[in-house]
Amino acid sequence: MNNAIVKVHNASFSYYRKGKAAVRNITLGVNPGEFLVLRGPNGCGKSTIIKGILGIAYTIEGTVTWAIKKDLIGYVPQETTISGGIPYTASDIVQCGIDKPHCIARDLIINALAAVEMDSKAGIRFGDLSGGQKRRVLFARALVRN
């Protein structure tokens with residue numbers, strides 16, 4: 001665990017700043033080039049651990065330490081909270097992953113959409129895409145961060 005890009009030591013995670021822990025006493029490290037698999041039944045806390053490591057859920061005990069910049073990490077959620085009624089296009093959703101104006105980031109956005117075979121859908125409203133297409137767009141949003 002000495003070369004780990006992320007180290008988690010006795011961490012407990014919650015969805016509320018001062019709430020009860022959803023998962024407790026997690027200790028792990030992920031080294032460069034290593035894959036980590038979290039396996040278990042539905043509802044056991046796998047997603048909560050990932051969200052805690054990424055800072056989406058609160059660390060209420062223990063520590064999470066990064067040896068790299070966290071903004072280099074792309075995250076694709078299981079479900080999206082993006083309303084189908086909001087008129088964002090696939091391209092708009094991908095742009096949310098970067099901090100540049102659309103005119104500057106256009107090539108980055110199209111390349112990320114092309115990587116997931118969704119470049120032909122760049123101008124289509126996100127809410128009009130199928131579930132699988134939405135996941136591809138969310139994956140492109142994670143990819144665009146490099």
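Filtering the range 30-51 to residues that are β-branched (Val, Ile, Thr) and open to solvent by 30 Å² or more (accessible area, probe 1.4 Å) leaves Val37, Ile50. Within the range 96-134, being open to solvent by 20 Å² or more (accessible area, probe 1.4 Å), in contact with a Leu (Cβ under 9 Å, 6 or more places away or on another chain) and either closer than 13 Å to Ile82 by Cβ or touching a residue at least 40 places away in the same chain (Cβ under 8 Å) (or both) holds for one residue alone: Ile98. Would you confirm, using the coordinates I've provided, whether Ile68 is buried (at least 17 other Cβ atoms within 10 Å of the Cβ), of a type in the set (A, V, I, L, M) and modelled with pLDDT under 90? Considered against the rule, which asks whether it is buried (at least 17 other Cβ atoms within 10 Å of the Cβ), of a type in the set (A, V, I, L, M) and modelled with pLDDT under 90, Ile68 comes out as no. Take the residues in the range 71-95 that are in contact with a Gly (Cβ under 9 Å, 6 or more places away or on another chain) and open to solvent by 90 Å² or more (accessible area, probe 1.4 Å), then tell me which one is modelled with the highest pLDDT. Step by step, filter the range 71-95, then rank; the result is Tyr88.
Restricting Thr27, Thr59 to residues that are in contact with a helix residue (DSSP H, G or I) (Cβ under 9 Å, 6 or more places away or on another chain), among the β-branched types (Val, Ile, Thr), open to solvent by 50 Å² or more (accessible area, probe 1.4 Å) and within 30 Å of Ser14 (Cβ to Cβ) narrows the list to Thr59.
Determine which member of the set Lys70, Lys46, Lys20 is within 23 Å of Ile109 (Cα to Cα), of a type in the set (Lys, Arg) and free of Cβ contacts under 8 Å to residues at least 60 places away in the same chain. Residue meeting the stated conditions: Lys70.
The values are calculated or read from the model by the stated rules, or taken from the named source; none is laboratory data. Everything numeric in this text was worked out from a predicted model, so none of it was measured. FYI the Cβ positions are ideal-geometry reconstructions off the backbone, even for glycines, and counts take in every protein chain you see. Quick note on the areas: whole protein, heavy atoms, side chains included, nothing else; ligands and nucleic acids left out. Shrake-Rupley method; radii C 1.70, N 1.55, O 1.52, S 1.80 Å.
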